[in-house]
Amino acid sequence: MDIKTSPVWILEPKEGFEGLKLHPSQPLPELNDHSCLIQIDAVSLNYRDVAIPKGQYPMAFRGRIIPCSDGAATVIKTGPAVTRFAIGDRVCTLFNPSHQSGYFTPDTRKYSLGSSADGTLRKYAVFHETALVSQPKNITSLQAATLPCAGVTAWNAFYGIADRKLQPGSYVLTQGTGGVSLIAIQIALAVGATVIATTSSPEKANRLKEMGVQHVINYRETPNWGEVARQLTPENRGVDHILEVGGEATIRQSLKAIKMEGVISIIGFLGGANNAPQCSFQECLSTLAIVRGTSVGSKEQFKELNAFIQSHNIQPIVDSNVFDFQDAPRAFQYLWDQKQWGKVVIHIK
């Protein structure tokens with residue numbers, strides 16, 4: 001298959017979604033010994049993807065870039081020395097392609113799809129074989145496209161510290177119904193953990209209960225939800241794992257909910273800046289908790305996640321509105337408007 005160019009979306013950052021421009025034919029790099037030519041089947045959006053064009057992403061990013069980190073694809077050609085994949089294999093991209101195993105390092109952050117390196121919002125791409133991972137066999141490409149960021153982040157939150165791994169009987173607290181929270185709920189329930197979820201929507205509360213979530217707290221009606229969550233745990237000891245996606249707006253309540261020596265994984269900044277007083281040193285110290293930042297996870301963790309998804313037949317949740325490639329800007333706006341239930345996916349036909 002002799003494919004030399006690809007249609008791509010290019011983003012001019014800080015110009016809003018109007019900065020997304022479709023280029024019908026961009027040259028592809030030559031295939032080297034260890035690279036694969038892939039046809040991207042689906043791309044899912046993360047909050048970072050809409051925060052960058054809106055000028056609200058706090059990390060460094062490159063100007064004029066192919067956006068998005070998450071893609072599910074099919075290998076259509078391989079370099080002569082490729083050993084990991086064959087033509088026809090279904091694969092996913094890695095959020096941080098150089099993060100193969102172990103802990104995150106400063107060098108790992110230098111190469112991140114959709115921010116410092118060209119991402120997945122295109123039909124064809126060339127990636128080194130180490131920058132790809134096999135998809136779980138029990139799910140569709142649309143579902144697989146949701147995993148590189150949200151899925152791996154949730155897995156890292158639960159299993160990134162060896163002696164604090166999620167266990168049957170653990171108590172988990174998730175915030176809202178974004179992509180990380182929903183896949184985290186699915187993982188936790190499959191393990192046999194008890195899940196406490198927060199939301200402000202009665203409709204979404206019902207959906208969470210339909211998923212099997214044991215306790216749902218409306219954080220608008222219950223602003224002290226951290227204390228309420230603690231009271232739902234045995235002997236009011238607190239929860240074992242919290243996936244902190246709100247940032248400054250929610251961390252104080254998370255500290256009230258966490259168990260002594262539990263783990264708060266700081267994942268996002270959806271709550272934005274908060275006018276409430278900042279957490280004091282004493283509040284942090286008194287919990288004896290581990291509060292750790294996460295930046296997705298490694299390829300090794302991605303492979304562990306995929307094996308778990310396959311063995312437990314987990315079906316990642318895709319929003320009912322799937323967008324065509326030509327309608328990518330509408331998908332960005334849809335996510336920005338927070339209309340979704342599940343991951344927002346663009347189907348590249």
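Bear in mind that the values in this text are calculations on the coordinates, not laboratory data. Remember, it's a predicted structure, so these values are computed and weren't measured experimentally. All Cβ positions, even for glycine, are placed from backbone atoms using ideal geometry, and neighbour counts span all protein chains on display.
Summary of computed values
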| read-out | value |
| --- | --- |
| Segments 146-152, 200-206, 33-39 sorted - mean Cβ within 10 Å per residue, highest first | 146-152, 33-39, 200-206 |
| Under-5 Å amide H pairs with H215, H placed in peptide plane, nonlocal only | V195, A197 |
| DSSP bridge pairs, the stretch 153-293: antiparallel proportion in percent, nearest 5 | 0 percent |
| Label zone at N32, where the point sits 7 Å out along the Cα-to-Cβ direction: the stretch 60-76 residues whose backbone N lies under 12 Å | none |
| Entries of K77/K123; K259/K339; K21/K349; K137/K343 with Cα pairs more than 21 Å apart | K259/K339 |
| J(HN,Hα) series, the stretch 80-94, from Karplus relation 6.51 cos²θ - 1.76 cosθ + 1.60, nearest Hz, glycine and proline x | x, 9, 5, 10, 7, 9, 10, 4, x, 5, 8, 9, 10, 7, 9 |
| Distant-in-sequence amide H partners of V8 (H built 1.01 Å from N, under 5 Å) | H23, S25, Q26 |
| Cβ crowding within 10 Å averaged over residues, with 167-176, 234-243 ranked highest first | 167-176, 234-243 |
| Length released on extending from E261 to I161, taking residue separation times 0.36 nm less the Cα-Cα span | 34.8 nm |
| Chain lengthening between N218 and K303 when straightened (0.36 nm per residue, less Cα-Cα) | 27.1 nm |
| Antiparallel %, DSSP beta bridges [both residues in the chain], to 5 | 55 percent |
| Linear extension gain, Q333 paired with K349, 0.36 nm per residue minus alpha-carbon span | 3.7 nm |
| Approximate spin-label separation H23-A86, in nm, with each point projected 7 Å along Cα-to-Cβ | 3.5 nm |
| Fewest-first sequence of V322, V195, V75 by Cβ atoms within 10 Å of each Cβ | V322, V75, V195 |
